[in-house]
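To keep things clear, I will list the structure first and then write my remarks on it.
The values are calculated or read from the model by the stated rules, or taken from the named source; none is laboratory data. This structure is a prediction, so every number in the text was calculated from the model and none was measured. Neighbour counts are summed over all protein chains in view; Cβ atoms, including those assigned to glycine, are modelled from backbone coordinates with ideal geometry. For the accessible areas, the whole protein counts, side chains as well, though only heavy atoms, and no ligand, DNA or RNA atoms are used. Shrake-Rupley method; radii C 1.70, N 1.55, O 1.52, S 1.80 Å.
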Amino acid sequence: SLCSCGTENYVSQSREVSIAYLRSFAVSRSEVIGYDLIIHGNVVANDKFREFTRGIVIDDGTAGIAVQVDVDNADILFPLFSEVKVRCSGLSIGRDGVRIMLGAYPSGRYVVDRIAESEVQNYINSVVLPERWPEPMLNRISELTPDMVYSYVAVDDLCLVAEERGLQWCDTDSMSGAVTTTVRHFTDGVDTLRVVTYSECQYATEVVP
């Protein structure tokens, strides 16, 4: 079972479960995973371009989930699109709005803490580069839902709205000169999607193609 705050949720005896199934247990702020469940998927995001801080995102085709790890070289340990297995027993699954994350038991204000560097290999292993990259789910903007946060998706014919074309991914503060986390707006010709770009990402000052 996965239990927290005196509640219990019963799972099947199957050792390996889908990410979508595991996500269904994030019904409160934090849940401790008490059974030896394993998820398997591809790394679809890491800290290579500094978009994420000490973490990876994995997707198995059913859903995606973020795994918080206290390492500075997640892109080297877990290369983009590599296949990994995560042993979930002893970890916590946390919900922060629509974001669902795996990590260590929370000790403070976060829904999960990062897995200590010395413990990472105990939980995440079987890193294998696949012969072919996984295929993203193809969607229109109107088909995107909150449950798809951390999923590997693609939207055809996406471009910046006309009034933002030629701008960088992130704005620069006119007073301090500091790069700021910025929202850009993209369209597929019908609907509009808000995309937040982190100020410390590697391409923050590049012009949006």
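Within region 92-107, is even one residue surrounded by fewer than 16 Cβ atoms within 10 Å (Cβ to Cβ), in contact (Cβ under 8 Å) with a residue 12 or more places away in the chain, of a type in the set (A, V, I, L, M) and closer than 23 Å to residue 148 by Cβ? Yes, because at least one residue in region 92-107 is surrounded by fewer than 16 Cβ atoms within 10 Å (Cβ to Cβ), in contact (Cβ under 8 Å) with a residue 12 or more places away in the chain, of a type in the set (A, V, I, L, M) and closer than 23 Å to residue 148 by Cβ.
In region 46-68, what residues are open to solvent by less than 70 Å² (accessible area, probe 1.4 Å) and either over 18 Å from residue 198 (Cβ atoms) or at pLDDT 95 or above (or both)? Across region 46-68, the qualifying residues are 56, 57, 58, 59, 60, 61, 63, 64, 65, 66, 67, 68. With respect to the conditions (1) under 28 Å from residue 69 (Cβ atoms); (2) out of contact with any helix residue (DSSP H, G or I) (no Cβ under 7 Å at 6 or more places or on another chain), residue 100 lacks only one, and its number is (2). Residue 81 meets all of the listed conditions (1) touching a Pro at 6+ places or on another chain (Cβ under 7 Å); (2) open to solvent by 50 Å² or more (accessible area, probe 1.4 Å) but one, namely (2). Only one entry of 101, 175 meets the criterion of being among the aliphatic types (A, V, I, L, M) and part of a loop (DSSP other than H, G, I, E, B), and that entry is 175. Can you give me the ranges of the strands (runs of 3 or more DSSP E) entirely in region 110-170 with at least 2 residues that are at pLDDT below 95 and open to solvent by 40 Å² or more (accessible area, probe 1.4 Å)? Fully inside region 110-170 and qualifying: 124-128, 137-139.
Taking first residues from region 142-159 that are under 13 Å from residue 191 (Cβ atoms) and partners that are charged (D, E, K, R) and open to solvent by less than 60 Å² (accessible area, probe 1.4 Å), the Cβ contacts under 6 Å between residues at least 6 apart in sequence or on separate chains come to 142/191; 155/188; 157/188; 158/188.
Filtering region 187-208 to residues that are of a type outside the set (Val, Ile, Thr), touching a residue at least 40 places away in the same chain (Cβ under 8 Å) and over 16 Å from residue 51 (Cα atoms) leaves 188, 191, 193. The residues of region 69-78 that are open to solvent by 50 Å² or more (accessible area, probe 1.4 Å) and in a loop (DSSP other than H, G, I, E, B), listed by number, are 70, 72, 73. Where residues in region 171-209 are of a type in the set (S, T, N, Q) and more than 28 Å from residue 75 (Cβ to Cβ), which of them is least open to solvent (accessible area, probe 1.4 Å)? It comes out as 187.
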